[in-house]
Amino acid sequence: MQYIIHRYERIPSTSDLAVTLAEGGAPEGTVVIAGSQTSGRGRHGRVWSSPAGSGLYLSLILRPDKPFADLWQTAFVLAVAACETAADLSGLPACIKWPNDILLNGRKICGILIEARKPGHDLRSPVIAGIGINVNTLEFPPEISRKATSIALETGRQTAVEDVEDRLLSAVDRWYTVYTDAGFTPIFTRWHELDCTAGRTVSVSTSGGIVDGTAVEVNPHGDLVIEHPDGCRTSVSAGEVFFRD
Ligand code: BTN
């Protein structure tokens, strides 16, 4: 993939800008990177704290040649790429918490925000992938300090944010090429190898309420399947997983 990089010292949100660029017809491979964000956005309307020097804040426009209904698959492509990047940089076994949180030693090191838009400009529908990686953060806000970590906290050393950017963009290019050339099956296989959700006792916060049980598997639609104590199962297509064991 040919990357076209737009680099800023400080902007409200790389994803806000990337959405605007995508709606204006920006091509696949357009990347927005900021040294810091003043209104970084996380999933479920949360804030993504984005101070200068602490993390990588990047949003990428993809236009996969797939039906709109399959665009969720790109979240899995990016999770695999980000997970391998985190493992590579830290030398530690990173894993994926469904759908696309990357954990090191059980704590979140990277979050991915996927936004799809309906097609315009006679182009393929864009997917805007916002990726935040905690690189050199040594202290997190109290409300997330028990759940979040950084490469620095896990390894005891600082890493150049540019190095993280290079490795992430290489991994995304590699796995996106696999996806476009060979389809979703090899992505899903690799995603399962990196998954640390299946088998855990979980509570999943969804728009319809909390779903409790054991995470059994992620089905071919990308849904998390939860088994309840009575053996009944619920499939969840979106939500946030909390480990209870
Ligand atoms: C999550 O909540 O897990 C997703 C976090 C995504 C944060 C990134 S940082 C770069 C991009 N710009 C944003 O405003 N959000 C994403």
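Evaluate the following for S237: is it polar (S, T, N, Q), without any contact (Cβ under 8 Å) to a residue 24 or more places away in the chain and under 23 Å from R46 (Cα atoms)?
On the way: polar (S, T, N, Q): yes; without any contact (Cβ under 8 Å) to a residue 24 or more places away in the chain: yes; under 23 Å from R46 (Cα atoms): yes.
When the stated conditions are applied, S237 passes them.
It is to be established whether one or more residues within the stretch 70-93 are away from the ligand (no atom under 13 Å from the Cβ), touching a residue at least 40 places away in the same chain (Cβ under 8 Å) and assigned to a strand (DSSP E or B).
No: the stretch 70-93 contains no residue that is away from the ligand (no atom under 13 Å from the Cβ), touching a residue at least 40 places away in the same chain (Cβ under 8 Å) and assigned to a strand (DSSP E or B).
Can G222 be described as touching a helix residue (DSSP H, G or I) at 6+ places or on another chain (Cβ under 8 Å) and not hydrophobic (A, V, I, L, M, F, W, C)? Lay out the reasoning, then the answer.
Details: touching a helix residue (DSSP H, G or I) at 6+ places or on another chain (Cβ under 8 Å): yes; not hydrophobic (A, V, I, L, M, F, W, C): yes.
The answer is yes for G222.
Taking only the stretch 101-114 into account, find how many residues are within 8 Å of the ligand (Cβ to nearest atom), more than 16 Å from G40 (Cα to Cα) and open to solvent by 10 Å² or more (accessible area, probe 1.4 Å).
Residues flagged as within 8 Å of the ligand (Cβ to nearest atom), more than 16 Å from G40 (Cα to Cα) and open to solvent by 10 Å² or more (accessible area, probe 1.4 Å) within the stretch 101-114 amount to 1.
Do you know which of the residues in the stretch 3-59 that are under 23 Å from S170 (Cα atoms), of a type in the set (V, I, T) and more than 12 Å from the ligand (Cβ to nearest atom) is least open to solvent (accessible area, probe 1.4 Å)?
Out of the qualifying residues, it is T30.
If I ask for residues that are assigned to a strand (DSSP E or B) and exposed (fewer than 15 other Cβ atoms within 10 Å of the Cβ), which ones from the stretch 183-204 would you list? Walk me through how you get there before you give the answer.
Here is the first cut: in the stretch 183-204, the ones assigned to a strand (DSSP E or B) are 195, 201-204.
Answer for the stretch 183-204, where residues must be assigned to a strand (DSSP E or B) and exposed (fewer than 15 other Cβ atoms within 10 Å of the Cβ): just T201.
The values are calculated or read from the model by the stated rules, or taken from the named source; none is laboratory data. Note that the coordinates shown come from a computational prediction; the quantities given were computed from them, not determined experimentally. When we count neighbours, we look across all protein chains shown, and the Cβ atoms used for this are built from the backbone with ideal geometry, even at glycine. Note: areas computed on protein heavy atoms with side chains; ligands, DNA, RNA excluded. Shrake-Rupley method; radii C 1.70, N 1.55, O 1.52, S 1.80 Å.
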